[in-house]
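See below for the structure under consideration.
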Amino acid sequence: MVTVKMSGHKQLVGVKIDPEAMDPADPSMLEDLIVAAVNEAGRKIEETMQGKMGSMASSLPGLF
């Protein structure tokens, strides 16, 4: 319902909100969806960075 796009520096660069998520009677639901989407994007960036760092470390044996 809410999709966010972040740069590798964790800067929010885009937000898409499904019109069905916009319920004027329940704005807190949309707020929660946005927070969850931003947190998930940040988690995915961290996961990707850790994976890249791990692959770099394994390609350079003896340094770590």
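Candidates in region 25-39 are the residues that are part of a helix (DSSP H, G or I) and without any contact (Cβ under 8 Å) to a residue 24 or more places away in the chain; of these, the one that is nearest to Lys10 (Cα to Cα) is Asn39. Could you list all residues from region 1-24 that are exposed (fewer than 13 other Cβ atoms within 10 Å of the Cβ) and assigned to a helix (DSSP H, G or I)? Correct list: Pro19, Glu20.
Readers should treat all values here as calculations from the given coordinates under stated rules, not as data from a laboratory. Being a predicted model, the structure only gives us computed values, none of them experimental. Cβ atoms come from the backbone with ideal geometry, glycine included; neighbour counts cover every protein chain shown.
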